[in-house]
Amino acid sequence: MPETRDPSAGAAEPAEPAEPIGAAEPPGAAEPVGAVEPAEPAGAAGAAEPAEPAGAAEPAGPAPDAGPGPGPCRPGRLRTLLRRLAPVGPPAGRWFAGVAAAVVTAVVTAWLLASGLAPPPPESHGLPFTIAVRTSHDSSLGWLIDAPVAKIPARPGWAEDWSSWAREAAGVPAFGSEVYFTVQGISEAQVTLTDLRVRVLARRPPVPGVLIGLGGGGSGAYRWVDADLDKQPPLLTSGRFEEGEQHVPEHERKEIRFPYRVSVSDAETFVVVGHTAACDCDWTIEVDWASQGRTGTVTVDDAGRPFRVTGTGGAHTECWMGPDDTEQCRPR
């Protein structure tokens, strides 16, 4: 007997094919992407296998680029356009352009500075000036050496250089020592030196031992500051040596009176004489300065070490070398 089918459960209608996603529409008539009609449900058992619901389809990916012709600019087209405009190969052209610009800038800046049309850049680090330091000691004042006379190195002749001998013998300048320092700017920008101080870092009893020096003495005159290291703080006196001053240029005999101004073309030289009678003193010089809105204080010392001078109260023997290179020693 033939199988009877319910008319209501007829063969399943095939699902309508979904429209191609992203198909180009005429301008203004494009429907939203993803508008897919769902398939009708399948019929009873035994019928043809139902079509998979259209809703189970994977989510639509990015729409393909539209073909040529007018229409909205999509992201894909924009990326393609940018890739076409980008330079092909390594960015050598841009590297050469950067180097050329840097060279031109440096040449123009140097020309402006040399012509005086542009001010030099301010120094952001370090001092806007240099300081050259030289120490000196009058051999006629002598050195204190803490050793027996027999163990002190042989003295040089009266007319010879005694400074190297003093270093070898570890002699400490007696009575006083002189510090010469020259301040010079590193550009034409003006540096104002506003003040000078002497600072005593340590005071000890005078060095004991033998006082050795040259008999007699020479004349001298120069612009100077005298620092009495026995005072606290050290007493500074500006003045000049009277002896032999007729042989010294007038500008070197003037008293030191701050402020002073220096630049690369205008340097200043100062002499500070530190003296003591009562101590073995370590001391330094401090100079205040101002330039282009910056201020500071620089310490003048002996290559990182303080200057040193001693009184002679601890000497038990003194020896003096005469012009005929004969030495006379006597107890004190």
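The values are calculated or read from the model by the stated rules, or taken from the named source; none is laboratory data. Note that the structure is a prediction, hence the values are computed from the model and not measured. Note that we place each Cβ from the backbone using ideal geometry, even for glycine, and neighbour counts take in every protein chain shown.
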Next on the checklist: If I ask for residues that are in contact with an Asp or Glu (Cβ under 9 Å, 6 or more places away or on another chain), among the small types (Gly, Ala, Ser) and more than 21 Å from residue 306 (Cα to Cα), which ones from segment 134-184 would you list?
Outcome noted: 157, 159
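Restricting the search to segment 110-154, which residues are surrounded by 11 or more Cβ atoms within 10 Å (Cβ to Cβ), more than 29 Å from residue 226 (Cα to Cα) and either modelled with pLDDT under 90 or touching a Leu at 6+ places or on another chain (Cβ under 9 Å) (or both)? Don't jump to the end; show me each part of the working.
Narrowing segment 110-154 to residues surrounded by 11 or more Cβ atoms within 10 Å (Cβ to Cβ): 110-113, 118-123, 127-147, 149, 152-153.
Then drop every residue that is not more than 29 Å from residue 226 (Cα to Cα), which leaves 110-113, 118-123, 147, 149, 152-153.
Residues satisfying the conditions are 110, 111, 112, 113, 118, 119, 120, 121, 122, 123.
For the condition assigned by TED's automatic domain parsing to the domain that holds residue 237, modelled with pLDDT of 95 or more and within 32 Å of the chain's Cα centre (by Cα), what is the one hit in 268, 286?
On the way: 268 fails: modelled with pLDDT of 95 or more.
Result: 286 is the single residue among 268, 286 that is assigned by TED's automatic domain parsing to the domain that holds residue 237, modelled with pLDDT of 95 or more and within 32 Å of the chain's Cα centre (by Cα).
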Item to check | Those residues of segment 262-300 which are surrounded by fewer than 21 Cβ atoms within 10 Å (Cβ to Cβ) and outside any strand (DSSP E or B), in sequence order | outcome: 264, 265, 267, 277, 278, 279, 292, 293
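Restrict the check to segment 304-314 and report whether at least one residue is aliphatic (A, V, I, L, M), surrounded by 15 or more Cβ atoms within 10 Å (Cβ to Cβ), in a strand (DSSP E or B) and modelled with pLDDT of 95 or more. Even if it seems obvious, please write down each step before you answer.
Taking segment 304-314 as the starting set, the residues that turn out to be aliphatic (A, V, I, L, M) are 309.
Still in the running and surrounded by 15 or more Cβ atoms within 10 Å (Cβ to Cβ): 309.
From the residues that got through so far, the ones that are in a strand (DSSP E or B) too are 309.
In the following step, the residues that additionally are modelled with pLDDT of 95 or more were identified as 309.
Yes: segment 304-314 contains one or more residues that are aliphatic (A, V, I, L, M), surrounded by 15 or more Cβ atoms within 10 Å (Cβ to Cβ), in a strand (DSSP E or B) and modelled with pLDDT of 95 or more.
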Next on the checklist: What pairs come out if I take residues in segment 255-271 that are within 11 Å of residue 195 (Cβ to Cβ) and pair them with residues that are surrounded by fewer than 13 Cβ atoms within 10 Å (Cβ to Cβ) whose C-beta lies under 8 Å away, six or more apart or interchain?
Outcome noted: 258/195; 259/195
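Here is a check on your reading of the model: is residue 326 at pLDDT below 95, over 13 Å from residue 196 (Cα atoms) and not charged (D, E, K, R)? Walk me through it before giving the result.
Values: at pLDDT below 95: yes; over 13 Å from residue 196 (Cα atoms): yes; not charged (D, E, K, R): yes.
Yes; evaluated as a whole, the condition is true for this residue.
Limited to segment 163-196, what total is found for residues that are surrounded by fewer than 17 Cβ atoms within 10 Å (Cβ to Cβ) and in contact (Cβ under 8 Å) with a residue 24 or more places away in the chain?
At the first step, the residues of segment 163-196 found to be surrounded by fewer than 17 Cβ atoms within 10 Å (Cβ to Cβ) are 163-164, 167-168, 170, 180, 182, 186, 188, 190, 192, 194-195.
This time we only want the ones that are in contact (Cβ under 8 Å) with a residue 24 or more places away in the chain, so: 163, 170, 180, 182, 186, 188, 190, 192, 194-195.
Of the residues in segment 163-196, 10 are surrounded by fewer than 17 Cβ atoms within 10 Å (Cβ to Cβ) and in contact (Cβ under 8 Å) with a residue 24 or more places away in the chain.
Looking at segment 315-332, which of its residues are in a strand (DSSP E or B) and either of a type outside the set (Ser, Thr, Tyr) or over 25 Å from residue 281 (Cβ atoms) (or both)? Explain how you work it out, then say what you get.
If we filter segment 315-332 for residues that are in a strand (DSSP E or B), which is where we start, we get 315-321, 327-331.
Residues satisfying the conditions are 315, 316, 318, 319, 320, 321, 327, 328, 329, 330, 331.
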